[in-house]
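Structure first, commentary second.
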Amino acid sequence: MIKDFIKGLWRENPIFVQVLGMCPTLAVTTKALFGFSMGMATTFVVVSSGVVISAIRKFVPEQVRIPMFTVIIATFVTAADYFLKANFFQISKALGPYVPLIVVNCIILGRAEAFASKHGVLRSFLDALGMGVGFTCALIILGSVREILGAGTIFGYRIMWAHFTNWIVMVLPAGAFITLGLLVGIFNVADKKIKAKKQKAQG
Amino acid sequence: MEELILILIAASITNNFVLTYFLGICPFIGVSNKIDSAIGLGMATTFVMTMAATVTWLIYYYILVPYNLVFLQYVTFILVIASFVQFVEMFIRKVSPALYKALGIFLPLITTNCAILGLTLFMVLRNYTFLESVVFGLGAGVGFTLALVIMAGIREELAFADIPEALQGTGITLIIAGMLALAFMGFGGIISG
């Protein structure tokens with residue numbers, strides 16, 4: 001059970017390992033806060049759609065499951081979008097069309113297809129929550145790196161020294177690609193070290 | 001007329017969907033191994049984009065807005081796109097089985113290509129007229145194909161390069177995409193200047 005939750009955090013991390021859901025990942029992470037909000041919105045959608053899909057999985061005919069899943073996901077995304085618009089208008093404005101684009105975030109349909117449509121409600125809930133949290137963490141890391149180097153702040157608080165020259169490139173699209181590329185590389189190195197350690201401990 | 005040309009150039013080059021809006025990254029990383037399949041997928045996507053822009057515009061302004069159903073926007077758009085992809089899939093399977101096989105899973109995944117849904121959302125946000133939307137769809141498709149083909153060309157060469165182990169695959173692709181994005185910024189002057 002716990003494993004269903006944990007695996008989304010590291011071993012099957014949606015961004016660093018599965019490389020899914022790239023659009024929002026790259027687009028909204030100019031600031032750590034935006035990354036966090038996008039992560040939360042996605043977590044909400046992946047968890048609620050995962051639970052619903054898992055609950056109805058026995059009544060859905062095989063052939064029409066993908067359109068069904070998509071409609072369910074789109075419904076929850078609409079809810080999340082309206083919620084953000086009503087309560088956090090500034091954030092909603094900054095995220096722009098990337099909130100509705102959660103509909104086509106491959107992570108969500110991927111989890112629905114690979115996990116929720118085959119497992120019970122509780123396990124699907126944990127799996128989706130793990131994926132959502134793993135996704136959010138990755139977004140916060142990426143957003144923080146870009147915000148620190150690009151604006152000298154993190155979550156809006158200034159942490160770099162006064163004469164720090166902002167790396168404009170980090171806020172631009174190019175910075176997003178390069179940062180994520182390097183982060184994936186660092187993740188791979190770390191992952192390999194951990195695996196080697198484990199093997200040593202066992203053998 | 002001038003407006004339309006500006007939209008076309010903006011959508012395909014200066015505001016390239018892949019390199020400035022990060023839309024359609026999944027196939028951009030997944031299918032950019034070979035130039036042939038990149039061209040095939042690019043053309044299929046361009047077709048779906050143009051048609052999706054046309055049809056969703058009509059639905060949005062003639063059905064959703066007059067009947068106050070705008071909250072159904074996302075659901076409707078994604079269904080329209082999904083049906084078009086289904087159509088394209090049947091067409092390619094019939095016409096070119098080889099291409100169909102090469103594209104594999106990425107063909108049905110055009111549905112979840114954010115570039116297409118993103119296109120329809122941008123179209124509504126920017127209040128484009130009907131003609132502008134069609135041109136916008138076409139331009140975005142061309143831009144997507146362009147980015148995909150350039151990337152495929154680079155990656156074919158990259159097969160012979162000596163890349164640090166940890167960066168192989170996704171890592172180096174993303175870094176190259178970053179450099180491409182920088183290069184495309186150079187086009188920025190065409191429109192504003």
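Figures for the structure shown
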{"quantity": "Residue list for segment A:16-25, restricted to those being surrounded by fewer than 24 Cβ atoms within 10 Å (Cβ to Cβ) and of a type in the set (A, V, I, L, M)", "calculated": "A:V17, A:V19, A:L20"}
{"quantity": "Restricting segment A:149-165 to residues that are aliphatic (A, V, I, L, M) and crowded, with 16+ Cβ neighbours inside 10 Å, the residue that is modelled with the highest pLDDT", "calculated": "A:L149"}
{"quantity": "Identity of the residue in segment B:21-39, modelled with pLDDT of 80 or more, part of a loop (DSSP other than H, G, I, E, B) and within 14 Å of another protein chain (Cβ to nearest Cβ), that ends up surrounded by the most Cβ atoms within 10 Å (Cβ to Cβ)", "calculated": "B:L23"}
{"quantity": "Number of positions in segment A:91-105 that are buried (at least 22 other Cβ atoms within 10 Å of the Cβ), in a helix (DSSP H, G or I) and either at pLDDT 90 or above or facing chain B (nearest Cβ under 8 Å) (or both)", "calculated": "4"}
{"quantity": "Residue in segment B:127-138 that is under 17 Å from the mean Cα position of the chain (by Cα) and free of Cβ contacts under 8 Å to residues at least 60 places away in the same chain present", "calculated": "no"}
{"quantity": "Meets criteria (surrounded by 24 or more Cβ atoms within 10 Å (Cβ to Cβ), touching an Asp or Glu at 6+ places or on another chain (Cβ under 9 Å) and farther than 28 Å from A:G175 by Cβ) for A:G50", "calculated": "yes"}
{"quantity": "Matching helices (runs of 4 or more DSSP H) fully within segment A:1-90 where at least 3 residues are in contact with a helix residue (DSSP H, G or I) (Cβ under 9 Å, 6 or more places away or on another chain) and at pLDDT 90 or above", "calculated": "A:32-56, A:65-87"}
{"quantity": "Of the criteria (1) buried (at least 19 other Cβ atoms within 10 Å of the Cβ); (2) within 14 Å of chain B (Cβ to nearest Cβ); (3) of a type in the set (A, V, I, L, M, F, W, C), which one A:M131 fails", "calculated": "(2)"}
{"quantity": "Residue match in segment A:134-155 (condition: within 30 Å of A:Q63 (Cα to Cα) and in a helix (DSSP H, G or I))", "calculated": "yes"}
{"quantity": "First in segment A:166-187 and in contact (Cβ under 8 Å) with a residue 12 or more places away in the chain and buried (at least 19 other Cβ atoms within 10 Å of the Cβ), second anywhere and among the β-branched types (V, I, T) and in a loop (DSSP other than H, G, I, E, B), Cβ under 7 Å, 6 or more apart", "calculated": "A:A176/A:T29"}
{"quantity": "From B:G178, B:G193, B:G188, B:G143, residue being surrounded by 13 or more Cβ atoms within 10 Å (Cβ to Cβ), modelled with pLDDT under 85 and at negative phi", "calculated": "B:G188"}
{"quantity": "Matching residues, segment A:72-88, being surrounded by 17 or more Cβ atoms within 10 Å (Cβ to Cβ) and hydrophobic (A, V, I, L, M, F, W, C)", "calculated": "A:I72, A:I73, A:A74, A:F76, A:V77, A:A80, A:L84"}
{"quantity": "Condition met for B:I190 (more than 22 Å from B:I35 (Cβ to Cβ) and either of a type in the set (V, I, T) or touching a strand residue (DSSP E or B) at 6+ places or on another chain (Cβ under 6 Å) (or both))", "calculated": "yes"}
{"quantity": "Condition met for B:G143 (under 19 Å from the mean Cα position of the chain (by Cα), away from chain A (no Cβ under 13 Å), part of a helix (DSSP H, G or I) and of a type outside the set (D, E))", "calculated": "yes"}
{"quantity": "Hey, A:A94 touching a strand residue (DSSP E or B) at 6+ places or on another chain (Cβ under 7 Å) and not charged (D, E, K, R) or not", "calculated": "no"}
{"quantity": "Test set (1) under 21 Å from A:V104 (Cβ atoms); (2) modelled with pLDDT of 85 or more; (3) crowded, with 19+ Cβ neighbours inside 10 Å - B:A152 fails condition number", "calculated": "(1)"}
{"quantity": "Candidates A:A190, A:A201 - the one that is part of a helix (DSSP H, G or I), without any contact (Cβ under 8 Å) to a residue 12 or more places away in the chain and over 20 Å from A:N13 (Cα atoms)", "calculated": "A:A201"}
{"quantity": "Close pairs from segment B:152-180: first facing chain A (nearest Cβ under 7 Å) and touching a residue at least 40 places away in the same chain (Cβ under 8 Å), partner in a loop (DSSP other than H, G, I, E, B) and among the hydrophobic types (A, V, I, L, M, F, W, C), Cβ under 6 Å, at least 6 apart", "calculated": "B:T170/A:V19"}
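Yes/no matrix, rows are residues, columns are (1) within 12 Å of another protein chain (Cβ to nearest Cβ); (2) in contact with a Leu (Cβ under 9 Å, 6 or more places away or on another chain); (3) hydrophobic (A, V, I, L, M, F, W, C):
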site	(1), (2), (3)
A:L20	yes, no, yes
A:L26	yes, yes, yes
A:F34	no, yes, yes
A:A41	no, yes, yes
A:S48	no, no, no
A:A55	no, no, yes
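The values are calculated or read from the model by the stated rules, or taken from the named source; none is laboratory data. The model shown is predicted, which means the values in this text are computed figures rather than measured ones. All Cβ positions, even for glycine, are placed from backbone atoms using ideal geometry, and neighbour counts span all protein chains on display.
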